[in-house]
1. Would you tell me the mean number of C-beta atoms belonging to other protein chains that fall within 10 Å of each C-beta in B:4-13, as a whole number?
2. How much area per residue is accessible in the range A:115-186 when the probe is 1.4 Å and only protein heavy atoms are counted (Å²)?
3. Averaged over its residues, how many other protein chain Cβ atoms are within 10 Å of peptide A:145-158's Cβ atoms?
4. How much accessible area is lost when chains B and A come together, counting both sides, with a 1.4 Å probe, in Å² rounded to the nearest 100?
5. How would B:Asp5, B:Asp27 line up by accessible area, probe 1.4 Å, largest first?
6. Near the amide H of A:Glu147, under 5 Å away, which other amide H atoms are found, from residues 5 or more places off or on another chain, if H is placed in the peptide plane?
7. So how much slack lies between B:Ser23 and B:Arg159, counting 0.36 nm per residue of separation and subtracting their Cα-Cα distance, in nm?
8. Efficiency by 1/(1 + (r/R0)^6): what FRET value for A:His68 and A:Asp113, r their Cβ-Cβ distance, R0 = 60 Å, to the nearest 0.05?
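The values are calculated or read from the model by the stated rules, or taken from the named source; none is laboratory data. Computed from a predicted model, the values in this text were never measured in an experiment. A quick note on method: Cβ atoms are made from the backbone with ideal geometry, for glycine too, and the neighbour counts reach across all protein chains shown. The accessibility values were calculated without ligands, DNA or RNA, using every heavy atom of the protein model including side chains. Shrake-Rupley method; radii C 1.70, N 1.55, O 1.52, S 1.80 Å.
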Amino acid sequence: MMTSVHSDDSRLVAQAKRGDEDAFAELYRRYADSIYRYALSRSVPPADAEDVVSTVFLKAYQSLPGYHERGWPFSAYLYRIARNALVDLYRRDRREILGDEPLERPEPGADVDNQIARRAQLAAVRQALAGLPEDYQEVIRLRLLLELPTATVAVWMGRKEGAVRVLLHRALQSLRSRMVQDDGSV
Amino acid sequence: MDRSDHRQAEILDACLTRLMSGSASVDDLLRAYPGDAAWLKPLLHSARQAQQAVSLPAMPPEAKLAGERRLQRQIRSRTPVAEVSRGKRLRLAFALASIALGIALLGSASGIAYAAESSLPGDNLYSIKQVIEQAQLTLSQTAEDEAELLVRFSEERLREAEQLSANGRPQDLPAALEGYRQAVERLVGLADQLPAEEGGESLQAIAGQLGRQAEVLSRIRAEAPQAAQPGLLQALQQSTRNRATFEKMLEVRGRETGPPSNPGRKATPAIPETPGAGQGQEKNPGQDQGRGRPPELPSD
């Protein structure tokens, strides 16, 4: 499936390079969500995440003439630009990218004590996540939070699929041990 | 990593795929892998908890549509991709026309461009030098070409500052330092299009060059009069900040595929509080940055 999407992207990129704005708009519609959710996964507030999406696609468009696929899918190219844009955002705002702000909404009607306990538990998970090495955090973001297929994660991270599976395995082991260490009840 | 770890990694990945697609529950998976349930169960629960802890909603449709329209407006307000080379030719023509006009106004064509090259801010020929540099930037075809020019121009601004200082012309120093600031800021804007470590103008090479430029600025600052100190301090702080930015980007890219960063690598040095302090403490900054090779960004 990824190969057909990949070759379809290649066709759209080629059309966009020739000045076809609709082709580039199609690429935007295809990947805006992934970039937006990736920015959210780095604790960027929603309004800023929308700006990140705009920045990423504008930069991608501007650098289209110099983009040559060479086995490097367009989605991976967008991801790389997004990572750099987030570094810029961090530099400008001195923002803590890996914060632990709660993102979940309170459930109406649920027991308040349960809600508080649930929030505390989720906050502990986020804290444990934020304490992981960066590559562990990244594989969890891409594979579990964005729910990308292993093959896509491998291309985006520049690793082999087997290496991504091993990295995820280690990341979850590490997350588990941190959660147990932080709170025996988890 | 032994064979059993690889096997566990493959089972875990297969289970997560089924879990995320909704085709199986945790209990289904534990029943499917009874011999692995002991290690699999806590990892699947951790994965579930991570997903529940961080909510990643889709981009709101109205925001997505607004973003698409904004992007189209931005694209249309810029030079279309297919016409970039024509746009560049037009800008070059304008730049060259400006040079020709400048030369005609000065009344003598011979040796002016050459003389302009060594001019300093405040000199009559300096504006010609700026036009020539702008034309060179306009002509550059790739981000790396542009970065190479910007590095050269930033070094030229420092050479000018050094010479102005030596010639006792501190009143012209701000112009040279402003030119330096502009060149370096533009360089930072190009950073995400440059390779991490390969080629002449990589993030690593530029970080090293900015480190050397900081040394030059420190040297100028040590000899400059009091009136020029604030501008020089600002330029020094900017150079240090931008070098840290390049190093940070290099680190982020290096983490993707390579081993952990070299523990022996020197951090960006703090700016000394007094002019001249700390000089000569760092040789060839940015060169000791061994790390893995990240995948290349597509480039020309």
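1. Values: counts 0, 5, 4, 0, 4, 10, 6, 2, 6, 10.
What the average comes to for B:4-13 is 5.
2. Values: 2830 Å² over 72 residues.
Here the residues of the range A:115-186 average 39 Å² of exposed surface.
3. Working: counts 6, 1, 7, 1, 3, 5, 0, 0, 0, 0, 1, 2, 5, 9.
Mean shielding by partner chains, rounded to a whole number: 3.
4. The summed interface area works out to 6100 Å².
5. Correct descending sequence by accessible area is B:Asp27, B:Asp5.
6. Long-range HN contacts for A:Glu147: none found.
7. Working: separation 136, 0.36 × 136 = 48.96 nm, distance 6.69 nm.
Length gained between B:Ser23 and B:Arg159: 42.3 nm.
8. On the way: r = 58 Å, r/R0 = 0.97.
Between A:His68 and A:Asp113 the formula returns 0.55.
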